1. Setting aside same-chain residues fewer than 8 positions from LYS269, which aspartates and glutamates have a Cα under 14 Å from its Cα?
2. Pick out, in residue order, every one of the trypsin sites (Lys or Arg not before Pro) in the range 655-730 that is DSSP loop and has at most 15 other C-beta atoms within 10 Å; say none if there are none.
3. Put +1 on the Cβ of every Lys and Arg and -1 on every Asp and Glu Cβ in the chain; which of VAL73, VAL329, SER390 then has its Cα farthest towards the positive end of the dipole?
4. Starting from 0.36 nm per residue, how many nanometres of slack lie between ASN502 and SER339 once their C-alpha separation is accounted for?
5. Work out the FRET efficiency for GLU387 and THR114 from their Cβ-Cβ distance, taking R0 = 56 Å, and round it to the nearest 0.05.
6. Can you put LYS188, LYS103 in order, fewest other beta carbons within 10 Å first?
7. Anything over 32 Å Cα to Cα? Flag those among LYS206/LYS460; LYS162/LYS507; LYS212/LYS460; LYS199/LYS460, in the order listed.
8. Measure of size requested: the Rg and Dmax of the range 387-574, with Cα atoms as the atom set and Å as the unit; please supply both.
Amino acid sequence: MLNPLCLLAVLVAVMAISFAAPAQNAPQDFTCFQTGSDYGPEIDIGSDVAVVYGVNASFPDRVALWREKGYVVSMMTGIAWGGYDDYYGSGDAFRRDEVQTDKTGKLWMHGNSTTVGYNVPTPSYVEYIKRVVDPAIDAGVRAIYLEEPEYWAVTGWSEAFKAEWQRAYNEPWQAPDSSPDAQYRASKLKYELYFNALKEVFEHVKRRAADKGIEIECHVPTHSLINYAQWRIVSPESHLMDLDAMDGYVAQVWTGTARSANVYGGKMKERTFETAFLEYGQALGMVRPTGRKVWFLADPVEDNPDRSWNDYKRNYECTVIASLMWPEVHHFEVMPWPSRIFRGTYPRVDLDSASGDREGIPADYATQILTVINALNEMDQADVRYETGSRGVGVVVSDTLMFQRADPEPSDAHLSSFYGLALPLVKHGVPVEIVQLENTLQPRCLESCKVLLLTYEGQKPLKPAYHEALAEWVRAGGGLIYVGDGSDPYHRVREWWTDDGNDPETKAYDDLFERLGVADGQSTGCFSLTDACEVPVKVGNGYVRILQERPRDLARAQDGPATVIGLVAEMFECLGEKLTTQNHLVVRRGPFVVASVLDESVSDAPLRLDGAFVNLFESGVPVRQAVALGPGERALLYDIDYARRNGVRAKVVAAGARVRDERVEERSFHFVTRGPKATTANLRVLLPEAPERMSLSPETPLQSAWDAESGTLLMSFGNSAQDVAVDIEW
């Protein structure tokens, strides 16, 4: 691999640099994808931005090719791992001391690699990463994405980490598994190491870009806090909002994360839709009060190459629908690695990986993916309507969920401290918000919440100031439900609530209770702890209720979900409202209808939607006069009646290709499509009258059918990775 230090001269000499425009004049970036490949006609999916992965000898050519095809270009590389052989060396010169290492001395490598390890972000490594991104800055990319700042919870034995411990704590290193306190401090240090690494690199990017008179955005593609905690990984997560030079996140939620099994009502299984809903919600919760940008990622396949196409399709639909349940977000990474989707082969049928019977992407699935991608470009809709259970319920999470995940006393392996509170709400059709504890100091963070559920089982508060924010919210009229019995051993770590270990019997919630006026029965206070454990107790204009049980036990108990719903219903009643539950979630974003019917819910009744809809999950984009969904089923629909009511005369309402430049004239309609070679563009076009003439330029074989009842035209033709101008007259 060519040393990135040498690439700068190559880039400047080879590329005709077209610098990025200032952010206020930047082109649309509603959709993007990441790719390490050269441009190829079979992966020309038509999104706004091509995020070119990795800076190596081929980087200038890859950037030039994607730009030539009309894409805005950004750059992505790993911050915790990557093809950085020129830094790590090989053989006896390999920098093993800087690779994350577990107790056994095992080096934690990325995937099955023998050369790419998860690094300790030492000062020398951070300087190296600055040099890695320099060629991308000089090429004028729109944005730089440094992905996955990951530190494994089970590591902490490398010499580099020991040195960082000494520097940070001014005390000898302790084995992370020697006590809960040591594990907590090790995780907190890992958290800060990647925060500081990204701070330095992003500030470098901004300075170098400013010197060139350009603006470059800085983003972090990262798994959700929920997934990192369950997978036992430490990452800065919401802490990155403290970086002035960071512009936003890509929420890396996809089948591989969302199918992680969890426990509900005593049953452990995959719940891809519900888990994805919560993961996306947490990613939005990190950003919502700050105004930063966030993209939601979905992947039509996943990292595991041995699932079937049926499996990929089913779970892709789960994650897409879950992502669209959060209408504040209208930026999407539509896929990583289009090459593995449109060029890859996977088992033909479920559980058939052992037979070796593999095939490329089925034609119908390819068209469906392209149809969804085209729709994602139109999700910035002002008219949003919720057809759900009661809104305004939040579950509080903290980045410290990642601090209690390894020996000697790891928290629940399936993250039931979180799921025990959150899943019952989703399963009852309540669109629970995930509230980031660290954001409670931001203005308006809690303004959408009527009721909050909080536990310090599995997580702890980094600052006492959060408690004052929560107490103010309660006194202003909020309802707080605290769940936990105080048995978590991490209550005793050396932190602010224990006076740095001098008062180890103090619990992390004691400070919050004191601010709320809760007494232990021996002291004077507004009310006793016993009172709050029996009924919601008035605090100012709000209420506090305490349940002295472990959330993990609620997850494992058959009646645990009913207990959670009962607590929330009780609090709603105190606030003068009634908690509404149902077995489905529906969000309408302008003409788009996003629907999911839940299993393990209040009933098995089907959801019926009446009207004229185009089903975007069916490759033939048919018009359905009614849609019925049973438990475990989902749909993404375009509401034709909505479009007509809002004055739409002519519109491409669904397309297995990217549609641009729509133009309606008195008796004609014009637009341009583009899609990957060897795929089919099925289009459903809303028109005021039956068409009299249609033409495609360049001339392309076309099949069409007019549906008089819906007033729509079905058009079908092959994509060819080139612009096709479509003209329709009536």
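1. ASP599, GLU600
2. Details: sites: ARG658, ARG660, ARG663, ARG667, ARG674, LYS677, ARG684, ARG693; in loops: ARG667, LYS677.
The qualifying sites are ARG667, LYS677.
3. So the residue we want is VAL73.
4. Values: separation 163, 0.36 × 163 = 58.68 nm, distance 5.68 nm.
Extra length available between ASN502 and SER339 comes to 53.0 nm.
5. Details: r = 52 Å, r/R0 = 0.93.
So, using R0 = 56 Å, E works out to roughly 0.60.
6. Listed from fewest to most nearby Cβ atoms, that is LYS103, LYS188.
7. Working: LYS206/LYS460 34 Å; LYS162/LYS507 29 Å; LYS212/LYS460 44 Å; LYS199/LYS460 24 Å.
Pairs exceeding the cut-off: LYS206/LYS460; LYS212/LYS460.
8. Cα-based Rg and Dmax for the range 387-574 come out at 15.6, 51 Å.
No lab work stands behind these numbers, since they all come straight from the coordinates. All values derive from a computational prediction rather than experimental measurement. Cβ sites come from the backbone with ideal geometry, for glycine too, and all protein chains shown count toward neighbours.
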